[in-house]
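The values are calculated or read from the model by the stated rules, or taken from the named source; none is laboratory data. Here the structure is a predicted model, which means the values were calculated and not measured. Note that each Cβ is placed from the backbone with ideal geometry, even for glycine, and that neighbours are counted across all protein chains shown.
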Amino acid sequence: MAAPLVQLTRATPGSPPSPPATPALLFTPVRKPSWLKVKAPGGPSYLHIKTMMRELGLHTVCEEARCPNIGECWEHKAATFMILGDVCTRNCAYCAVSHGTPKAFDPAEPVRLADAVAQMGLEHVVITSVDRDDLENGGAEAFAGCITEIKRRMPDTSVEVLIPDFKGSERALRIVMDARPDILNHNLETAERLYRLARPGGRYDRALALLAQARAMNAAALTKSGIILGMGEEWDEIVTCLRDLRRSDVNIVTIGQYLRPSDGHLPVVRYYTPEEFNELAEIGRRMGFTHVQSSPLTRSSYHAWEQKMAASAQ
């Protein structure tokens, strides 16, 4: 593999400590490559969806996580709804979503979300949430309520849920799976070695176990996971992530480039080239994934409707 695109130097003795979200290495800034530049959003469908979300009191991960594909997806009338508020109880070092004390759970949210789905006429819906470790089942009932309400009103609409790890609670996962989502997604995000740095509230093995349990609970549902590159992983660690996901019987995998939301988040150690993403896609296909979405701008919900159709056709 090509050498990393940044120079790494260790902090000298007596130098000030790094910020909490920054590793103990000092990183030379790297210029963002041309293939990561996207057009600023602002088309008519984008503005319509933004207005609708505010009127219905809903959130999208497209906005909260500062997704680079928001303009493209919203112009195609595709959005990933984020339930259970916009404040997370965890503080992952790569994530742009706000951290703190969330507001109380709103039991009417599934109805409002179904209203938006009906107004948009969506054929495929993606629902995610912040981590809600303050709730008994981590918000599993909210996911189940959204799935049930959407399928009651729009039985031909497929529903994909991108869930937290629920602290490994089999009961919480069962609540979601009993509502019969078409796709159960939980992102692995990064290599096991980097979990303590990037995702201190999560556990690598717990994420894999959740995905395997979901398949065991409902073999008819597709399972999906994603990883983001550029936080310091090695090439062989990426391949190990893919191999571990296949061992957990995951059907769909997404692979994208990590983009630093702010100076207070983990720095980008490396930008991978489109050719490297293509190579990883081929490795994933050879491993047996039914669909691999791999490109610099890929995010978990990017072209989710196409991923679902491609995987279902296998």
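Observations, loosely collected:
- Restricting LEU211, LEU135 to those that are in contact with a Ser or Thr (Cβ under 7 Å, 6 or more places away or on another chain) and modelled with pLDDT of 95 or more reduces the list to LEU211.
- Boolean, ARG152 is touching a helix residue (DSSP H, G or I) at 6+ places or on another chain (Cβ under 9 Å) and not hydrophobic (A, V, I, L, M, F, W, C): yes
- A single entry from LEU208, LEU229 fulfils the requirement of being buried (at least 20 other Cβ atoms within 10 Å of the Cβ), touching a Leu at 6+ places or on another chain (Cβ under 8 Å), under 23 Å from VAL292 (Cα atoms) and free of Cβ contacts under 8 Å to residues at least 60 places away in the same chain: LEU208.
- In the stretch 140-164, the residues that are touching a strand residue (DSSP E or B) at 6+ places or on another chain (Cβ under 6 Å), small (Gly, Ala, Ser) and under 19 Å from LYS224 (Cβ atoms): SER158
- Hey, GLU189 within 19 Å of SER129 (Cβ to Cβ), of a type in the set (D, E, K, R) and in contact with a Pro (Cβ under 7 Å, 6 or more places away or on another chain) or not: no
- All of (1) under 25 Å from HIS265 (Cα atoms); (2) touching a Pro at 6+ places or on another chain (Cβ under 8 Å) hold for GLU233 with one exception: (2).
- There is no residue in the stretch 114-125 that is in contact with a Pro (Cβ under 7 Å, 6 or more places away or on another chain) and either modelled with pLDDT of 95 or more or not in a loop (DSSP other than H, G, I, E, B) (or both).
- Single match in SER158, SER169 (criterion: modelled with pLDDT under 95, within 26 Å of PRO110 (Cβ to Cβ) and not aliphatic (A, V, I, L, M)): SER158
- Being over 17 Å from LEU84 (Cα atoms), touching a residue at least 12 places away in the same chain (Cβ under 8 Å) and charged (D, E, K, R) holds for only one residue in ARG112, ARG132, ARG174, and it is ARG174.
- Subset tally (residues that are over 20 Å from ASN91 (Cβ atoms) and not in a helix (DSSP H, G or I)) for the stretch 236-268: 10
- Residue that is farthest from the chain's Cα centre (by Cα), among those in the stretch 126-162 that are β-branched (Val, Ile, Thr) and not in a helix (DSSP H, G or I): THR157
- Residue check, ILE147 hydrophobic (A, V, I, L, M, F, W, C) and either free of Cβ contacts under 8 Å to residues at least 40 places away in the same chain or surrounded by fewer than 17 Cβ atoms within 10 Å (Cβ to Cβ) (or both): yes
Quick grid of which residues meet (1) touching a strand residue (DSSP E or B) at 6+ places or on another chain (Cβ under 7 Å); (2) more than 25 Å from GLU160 (Cα to Cα):
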{"site": "HIS265", "(1), (2)": "no, yes"}
{"site": "ARG270", "(1), (2)": "no, yes"}
{"site": "GLU279", "(1), (2)": "no, yes"}
{"site": "GLU282", "(1), (2)": "no, no"}
{"site": "HIS291", "(1), (2)": "yes, no"}
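- Scanning the stretch 213-235 turns up no residue that is under 19 Å from LEU162 (Cα atoms), assigned to a helix (DSSP H, G or I) and among the aromatic types (Phe, Trp, Tyr).
- In the stretch 101-115, the residues that are among the β-branched types (Val, Ile, Thr) and either farther than 19 Å from VAL176 by Cβ or in contact with a Phe, Trp or Tyr (Cβ under 6 Å, 6 or more places away or on another chain) (or both): THR101
- Residue in the stretch 249-257 that is among the charged types (D, E, K, R) and either within 30 Å of GLN213 (Cα to Cα) or touching a Lys or Arg at 6+ places or on another chain (Cβ under 9 Å) (or both) present: yes
- Condition broken by ALA220, with the remaining ones in (1) loosely packed, with under 15 Cβ neighbours inside 10 Å; (2) under 15 Å from the mean Cα position of the chain (by Cα) satisfied: (2)
- Every residue from the stretch 182-205 that is without any contact (Cβ under 8 Å) to a residue 24 or more places away in the chain and surrounded by fewer than 16 Cβ atoms within 10 Å (Cβ to Cβ): ARG196, ASP205
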